[in-house]
Amino acid sequence: MCSLLCRKKDNMKKILISTVFIICAIFSNAQTGLKPTTNCALGVNINAKYSKASALDSIMQHYTTNLIPGAALAVYSEKEGWWAGAKGFANMEKEIPMQNCHLQYIQSISKMYMAAEILLLKEQGKINFDMPITKYLPARYSKYIKDAAKITVRMLLNQNSGVPEYNTDPGFVSQVVQHPLENFTSEDCLKSIAGHDLQFAPGSKYLYTNTNYLLLSLIGDAITGDHADRLRAIQNEMFDLGADIATPGDMEGALRITEGQVFRLEREIDAMNAELEPLTSFILPGGSPEAASLYLARAIVRRAERVAVALHESESINPHALAYLNRLSDHLFVSARHIARGSGGDVLWQPGATR
């Protein structure tokens, strides 16, 4: 028992020391290309009378005179708006004062936001912490994790999943060192631990790894996706499509749907399909209000496609416009399936279920 407690204390000390060094690195590596100036515009209105400004200044003053070179802080509240302050130095050798407009390396600070996002998804009923990660993590990623079905979302959050650490794999580290300008993807990181044994049985021990947070981020992406940006682009293109069909013939300078727009839809369809399980049954439109809306939109687009094809028999229509309508209906169908994963997945037809 004593030995176990000692090991735990040693681990905690290592984590604490590492955290201190990371904080120091964050602030000592602040961007110093900006010259000191009295006009450091942040793009927002700063409330100089913020009620907690003095207390926050005091905290930063304490740490920048006793522990770290410099600190910059910004806070926001609905009642008082924005406040920002800075203490210490961005560059101690040149005695450049820290300012709020200096850029900071984000390092692992984003992991706190990642955990908060997963907690919000839990509040929204879109994720169950005690379900295996394979329920939410696309197969294209989970295939790299040995015994992934034994690991729950809660284990990732609690850092007791046992998944291997990708950034200590010699082969992967060598690749990063030898190719410093290469952008390594999440999948590249996971490939480096493909087939590796778990470090311990899931849930049996605690061990912090970056891989836990990487998997959480991929789960968050899979549930939320980037459908909003895609749908905004499609909404804009609907007006392009309307202008195209309203201006038939070879009128010079007419706005036309292009082949590239059709190809983009196909690429997005392929990317979403890669994260979905193969269909084994017909799907009943629904699953969530968002998915149901997309299924409805898909039915309307199918109707528009039939009308456009009929019109094309009497008037020449841009073939890319026809192809766009065809691919858009598929895009909406796959998007609906993709979104439905966050609310229980597809609602499958059950032949004869009500007989």
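General remarks:
- Members of region 75-86 that are surrounded by fewer than 17 Cβ atoms within 10 Å (Cβ to Cβ) and either touching a Gly at 6+ places or on another chain (Cβ under 8 Å) or without any contact (Cβ under 8 Å) to a residue 12 or more places away in the chain (or both): Tyr76, Ser77, Glu78, Lys79
- Taken together, the residues in region 301-355 that are outside any loop (DSSP other than H, G, I, E, B), of a type outside the set (Phe, Trp, Tyr) and under 21 Å from Glu266 (Cα atoms) amount to 29.
The rows are residues; the columns are (1) at pLDDT below 90; (2) of a type in the set (Phe, Trp, Tyr); (3) closer than 20 Å to Gln159 by Cβ.
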position	(1), (2), (3)
Leu16	yes, no, yes
Leu34	yes, no, no
Lys52	no, no, no
Lys87	no, no, no
Cys101	yes, no, no
Lys111	no, no, yes
Ala116	no, no, yes
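- The one condition in (1) assigned to a helix (DSSP H, G or I); (2) at positive phi that Gly88 fails to fulfil: (1)
- Filtered residues of region 247-275 (kept if closer than 26 Å to Ala139 by Cβ, surrounded by 16 or more Cβ atoms within 10 Å (Cβ to Cβ) and at pLDDT 80 or above): Arg264, Leu265, Glu268, Ile269, Met272
- Taking the criterion of being in a helix (DSSP H, G or I) and β-branched (Val, Ile, Thr), the residues of region 254-271 that qualify are Val262, Ile269.
- Those helices (runs of 4 or more DSSP H) lying entirely in region 146-202 with at least 3 residues free of Cβ contacts under 8 Å to residues at least 60 places away in the same chain and of a type in the set (D, E, K, R): 186-191
- Only one of Ser288, Ser314, Ser335 that is loosely packed, with under 15 Cβ neighbours inside 10 Å, small (Gly, Ala, Ser) and assigned by TED's automatic domain parsing to the domain that holds Thr247: Ser314
- From Tyr76, Tyr50, residue being in a strand (DSSP E or B), outside the structural domain of Thr152 (by TED's automatic domain parsing) and hydroxyl-bearing (Ser, Thr, Tyr): Tyr76
The values are calculated or read from the model by the stated rules, or taken from the named source; none is laboratory data. What you are looking at is a predicted structure, and each value in this text was computed from that prediction instead of being measured. Methodologically, a virtual Cβ is constructed for each residue, glycine included, from the backbone with ideal geometry; neighbour enumeration extends over all protein chains shown.
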